[in-house]
Structures are given as structure tokens and as C-alpha cells.
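A short worksheet on the structure shown next.
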Amino acid sequence: MRKLTKKSLDELAKTMSMIDESEQDTYWGKYYNDCFWRCVAWLESGGTSFSESAAESYALNYFNSAYSNSLVTNAVLEEMGAGMSISDIQNYITSRVISGNYSILSQYIGYFNTNNISNYESTGNDHAVIVLGKNTDNSLNIFDPQGNFYTTITASQTIYVTRAAF
């Protein structure tokens with residue numbers, strides 16, 4: 001196994017393309033920060049599978065069908081990870097609803113900036129979760145497949161949660 005050193009990381013940084021922070025903010029679902037794709041895996045499996053490998057398989061299937069060329073897919077994934085813009089996410093989810101894979105009446109993928117939700121570590125990043133339902137006090141029950149936990153978003157904070165579909 002090759003040893004990873006600061007020098008090898010510096011050499012790697014010279015050859016890798018860089019995406020500035022503002023552009024990075026427009027992409028979601030990267031494998032190491034794969035909240036969107038884990039939500040997709042959760043919905044597709046009926047809530048039984050949302051591991052990193054499950055998320056990766058859905059992302060690869062999406063990109064392979066979007067580019068229909070494994071060389072292009074690999075180039076795209078190498079350059080920007082499995083991230084997608086919000087409009088691409090909405091198009092993807094809409095296509096799954098139309099095909100009958102997702103129910104438009106019950107659970108859905110919601111996203112929010114973590115700075116706006118008190119029971120989340122504030123990273124300043126947008127985050128995708130499964131919205132399981134609304135309570136009588138208008139709070140939201142959610143499941144976070146990336147963190148593998150259930151929680152409630154208070155009624156006063158639900159204004160920050162956007163439905164990531166049509």
C-alpha cells in the first residue's frame with residue numbers, strides 16, 4: 001500500500017482541477033457528503049437501504065444514463081463528484097414521481113441550510129433529508145439517512161425546509 005504524505009497531496013493538488021467555493025455550493029450529493037443520493041437510496045428501497053455504496057450506485061446509474069458514455073461519466077465524476085444542481089435534483093425527482101417510483105403524498109426529500117436548523121451542526125451547507133410527515137403543531141418529522149437518525153424540525157424552522165421536487 002502506498003503511503004500518503006503531505007508531499008504526495010501537494011503533487012495531487014497540482015494536477016487536480018479546482019472548483020471554487022461558490023460553484024461547489026451549487027452541487028449536492030457528493031459521495032463523501034452524499035446526503036441527496038442517500039435520500040434517493042432510502043426512497044427507492046422503501047427505507048431499507050441508504051448506505052454509501054447504495055447512494056453511489058444510484059448516482060452512477062443516473063450519470064451513466066445522463067451521459068450514456070462511461071468515459072464522459074467518469075470524467076464528470078472525477079471533475080465534480082456526484083454533485084448535482086438543485087434544478088437537476090428537482091428534474092430527477094420529478095421524473096421518479098412521474099414514473100410512479102415516489103409517492104407525491106407522503107415522504108419526500110427536503111433540503112435546508114444547516115445554519116437555520118437548531119439541532120444540526122451549523123456548517124453553512126445545504127443538506128438533504130427525508131421528510132416523513134408534518135405534526136399537528138406544524139413541526140416536521142425527518143430522517144437523516146446520511147447521519148442515520150430521526151429528529152423533528154420545529155414549526156418555527158420549517159420555513160427553511162424546501163421540498164426538492166416539482
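All of the numbers you see were taken from the coordinates with simple rules; none came from a lab. This structure is a prediction, so every number in the text was calculated from the model and none was measured. Every residue, glycine among them, receives a Cβ derived from its backbone with ideal geometry; neighbour counts consider all protein chains shown.
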By how many nm would the segment from Ser65 to Tyr160 grow when fully extended, if each residue of separation counts as 0.36 nm and the alpha-carbon distance is taken off?
31.0 nm
Quick one: which residues, 5+ away or cross-chain, put their amide H under 5 Å from the amide H of Gly147? H built at 1.01 Å from N.
none
Any idea how far apart Ile86 and Thr48 come out in nm if each label point goes 7 Å out from Cα toward Cβ?
3.5 nm
Suppose the chain between Asn115 and Asn138 were pulled fully straight at 0.36 nm per residue; how much longer would it get relative to their current alpha carbon spacing?
6.3 nm
Step through the residues of the range 116-126 one at a time and calculate ³J(HN,Hα) from phi using the Karplus curve (6.51 cos²θ - 1.76 cosθ + 1.60, θ = phi - 60°), rounding each to whole Hz and writing x for Gly and Pro.
8, 10, 5, 8, 10, 4, 6, 10, x, 9, 6
Amide H proximity to Ser139 below 5 Å, modelled H, separation 5+ or other chain, gives Ala155
Sequence-distant or interchain residues sharing an amide H contact under 5 Å with Asn125, placed H: which?
Thr114, Asn115
